[in-house]
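I have placed the structure first, in the form of structure tokens, so that the comments after it can refer back to it.
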Amino acid sequence: MNWLHHLIVLPILLPLVTAAVLIPVDERNRTPKGVLGFASTMVVFFAGVILMRAAATSGDGDSGAIVYLLGNWPAPFGIVLVLDRLSALMLVLTSVLALAAQVFSMSKWHRAGHHFHSLFQLMLAGLNGAFLAGDLFNLFVFFEMMLAASYGLLLHGSGPMRVKAGLHYIAVNLAASSLFLIGVGMIYGATGTLNMADLALRIGTIGPENRMLMEAGAALLGIAFLVKAGMWPLGFWLPAAYSAATPPVAAIFAILTKVGVYILLRLSLLLFGSDAGNSAGFGQSILLYGGLLTIGFGAIGVLASQAMGRLAGYCVLVSSGTLIAAIGLGNGAVIGGALFYLVSSTLTICALFLLIELVERARDAGADVLAVTMEAYGDIDENEEEKEEGVAVPGTMAVLGLCFSACAVLLSGLPPLSGFLAKFAMLHGLFNPGSFGGDAPVSGAEWTYTALLILSGLAAMIAMNRVGIRTFWTSIEGTIPRVFLIEIAPVLMLLAVCAFLSLQAGSAMRYMDATAKALSEPQNYIGRVMSAPRAGPTGGE
């Protein structure tokens with residue numbers, strides 16, 4: 001098991017070393033740099049799969065965690081990396097998205113600016129570190145590493161719209177980072193520790209004189225994470241920023257909002273569960289109602305969007321709102337379906353961001369405005385004969401159309417793909433708590449969540465159908481985009497993963513339910529971290 005423990009640090013260390021190696025390499029050698037970055041991510045992907053299998057089989061039952069003591073100092077005094085089912089799932093999901101984005105960027109986008117691959121690897125190191133961090137301070141370090149790299153990636157390619165959106169993105173996230181740091185300081189002042197497992201043990205015993213300070217710090221942390229997750233009204237910046245980014249950057253940014261969701265899920269169940277005393281359930285109602293408002297706001301934005309980039313950005317908000325509200329419901333049976341939805345929606349949105357650029361090569365902005373005007377004012381000659389009836393669809397447009405249709409089905413939650421299965425799993429958990437022991441009647445908030453879940457899918461279906469008809473059916477331009485295999489292959493791969501997830505839904509849901517059960521019963525996680533043995537003659541390894 002010793003080699004497996006050391007493998008935990010590889011998803012952080014390898015991208016970090018790769019980024020350092022790539023920085024001094026001349027920018028004229030972008031293709032070799034891209035190949036090296038892709039190879040690094042592929043290794044991290046296989047390591048993530050191995051770690052995922054290890055997390056699923058470690059410990060008692062399904063709730064084991066594997067702890068890596070950096071510096072060989074025991075918790076809570078040293079830095080710890082913690083691998084469990086949830087963090088392993090996020091590692092694998094991040095690697096899949098990164099592989100698709102890197103392959104797509106190799107067509108031309110990595111040549112739009114300097115140090116694309118180095119920044120990409122740094123962001124991966126920050127993402128993986130945030131998923132594995134076992135204490136709040138190092139979570140802040142990895143969070144900042146991820147954000148610093150994302151600043152450069154968002155500005156990659158220049159252009160006035162990209163620079164404007166990038167500056168707004170930087171300002172908002174710097175403010176969120178300041179709140180994060182202040183919140184961490186307040187929590188440390190109230191509890192004397194930043195280790196998550198140790199915090200979970202101490203929060204229930206905090207005296208009233210320190211509880212308010214601790215909860216104020218937790219509230220500041222929550223605001224910082226909700227800004228990154230895009231909860232309304234804190235996510236006003238997201239559609240403009242994501243639509244302005246280059247396609248491979250927007251694709252990997254699909255996972256950034258899920259970092260905020262991941263941390264909210266982790267901390268809400270670990271720190272403010274039933275053992276937190278007077279702080280149990282802290283902030284839960286904010287997450288619930290904020291998530292519901294975010295779903296509604298995102299659905300309205302989806303319907304109102306004429307540009308496909310902004311439509312995809314609002315789909316990100318709908319996805320985030322759905323997950324945040326699921327956390328706020330406090331129903332463990334819903335969390336399993338929500339994790340399934342997290343994977344499905346993130347893969348779909350990533351594929352959509354890549355697909356948009358390919359589809360828009362056949363579109364003209366002036367023609368889009370003309371199409372909207374004609375639709376609004378009925379400026380169409382109804383007596384005009386259709387001269388192209390029965391004309392065959394070109395192969396390129398057929399492939400793009402099928403991919404677009406698959407994204408529409410997934411985002412709308414229509415059967416038989418994973419988008420439908422994920423929403424069905426959440427609703428099944430809502431009305432049939434089952435093994436999680438819930439037997440309370442369905443509340444008004446839960447009925448509202450159900451209605452918004454269905455209506456947001458309807459909004460996505462209407463918006464995607466409208467865009468699809470204008471692009472593939474009644475396109476005014478009639479041009480056929482030139483698409484390379486290296487560009488369409490990542491989209492097909494992501495959609496194939498969604499299809500595989502649909503076919504293996506039973507196995508996937510068993511994993512997700514076991515993950516949700518482990519999160520709802522954090523005693524095993526806490527015990528593993530606090531009793532992790534040191535390496536060496538006196539340790540247990």
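The values are calculated or read from the model by the stated rules, or taken from the named source; none is laboratory data. A quick note: this is a predicted structure, and the numbers were derived from the prediction, not measured. Note that each Cβ is placed from the backbone with ideal geometry, even for glycine, and that neighbours are counted across all protein chains shown. Keep in mind that these areas ignore ligands, DNA and RNA; they rest on the heavy atoms of the full protein, side chains included. Shrake-Rupley method; radii C 1.70, N 1.55, O 1.52, S 1.80 Å.
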Global geometry of region 84-131, whether rounded, prolate or oblate, following the gyration tensor of its Cα atoms and the 1.5 cut on a/c: oblate
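Contour minus end-to-end for Val21 and Met42, with contour as 0.36 nm per residue of separation and end-to-end as the Cα-Cα distance?
On the way: separation 21, 0.36 × 21 = 7.56 nm, distance 1.68 nm.
So the chain would gain 5.9 nm between Val21 and Met42.
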Whole-Hz ³J(HN,Hα) from phi, Karplus 6.51 cos²θ - 1.76 cosθ + 1.60, for region 103-115, glycine and proline x: 4, 4, 5, 5, 5, 7, 5, 6, 8, 6, x, 8, 6
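Can you tell me the length gained on complete extension of the stretch Asn465 to Ala451, counting 0.36 nm per residue apart and subtracting the Cα distance?
Working: separation 14, 0.36 × 14 = 5.04 nm, distance 2.11 nm.
Extra length available between Asn465 and Ala451 comes to 2.9 nm.
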Probe 1.4 Å, accessible area per residue of region 1-113, Å²: 41
Tensor-based shape of region 47-205 (alpha-carbon gyration tensor, a/c under 1.5 rounded, otherwise prolate or oblate): oblate
Under Karplus coefficients 6.51, -1.76 and 1.60, residue-wise ³J(HN,Hα) of region 519-530 in Hz, glycine/proline x: 5, 6, 10, x, 4, 5, 4, 5, x, 4, 5, 6
Ratio of the Cα radius of gyration of region 167-216 to 2.2 N^0.38 Å, where N counts its residues: 1.38
³J(HN,Hα) computed for each position of region 451-467 - Karplus, 6.51 cos²θ - 1.76 cosθ + 1.60, integer Hz, glycine/proline x: 5, 5, 4, 6, 5, 5, x, 5, 4, 5, 5, 5, 5, 5, 4, 4, 5
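For the chain, what is the convex hull volume of its Cα atoms per residue in Å³? Present the calculation step by step, with values, prior to reporting the outcome.
Working: hull volume 80.8 nm³, N = 541.
That works out to 149 Å³ per residue.
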Label-point separation, His168 to Tyr188 (7 Å along Cα→Cβ), nm: 3.4
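In deg cm²/dmol, rounded to 500, what helix-only [θ] at 222 nm does the chain give when every DSSP H run of at least 4 residues adds -39500 (n - 2.57) and the total is split over its residues? Kindly include the intermediate steps, with their values, before the conclusion.
Details: 22 runs with 382 residues, N = 541.
Per the formula, -24000 deg cm²/dmol.
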Rounded if a/c under 1.5, otherwise prolate or oblate - region 301-344, Cα gyration tensor axes: prolate
Carbon + sulfur, % of accessible area of region 241-327 - ligands and nucleic acids excluded, 1.4 Å: 64
C-alpha center-to-center spacing [region 279-333, region 91-139] in angstrom: 25
Normalised per residue, the volume of the convex hull around the Cα set of region 218-319 (Å³): 80
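Which residues make up the longest stretch of the chain that has no trypsin sites (Lys or Arg not before Pro) in a DSSP loop with at most 10 other Cβ atoms within 10 Å? Write down the numbers at each step before the final one.
Working: sites that count: Lys387, Arg482.
Looking at the chain, 1-386 is the longest stretch - no exposed trypsin sites (Lys or Arg not before Pro) with at most 10 other Cβ atoms within 10 Å.
What relative contact order, as a whole-number percentage, does the chain give when Cα pairs under 8 Å and 6 or more residues apart are counted? If you can, show how the numbers build up before the last one.
On the way: 853 pairs, mean separation 94.6, N = 541.
Computed value for the chain: 17 percent relative contact order.
With a 1.4 Å probe and all protein chains left in place, how much accessible area per residue does region 199-328 have, in Å²?
The answer is 30 Å² per residue.
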Cα→Cβ-extended label distance, 7 Å offset, between Arg482 and Ser285, nm: 6.1
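Using 0.36 nm per residue, how much length does the chain from Leu303 to Thr205 gain when fully extended, once their Cα-Cα distance is taken away? Don't skip to the answer; put the middle values down first.
On the way: separation 98, 0.36 × 98 = 35.28 nm, distance 4.85 nm.
Taking 0.36 nm per residue and subtracting the Cα distance, the gain is 30.4 nm.
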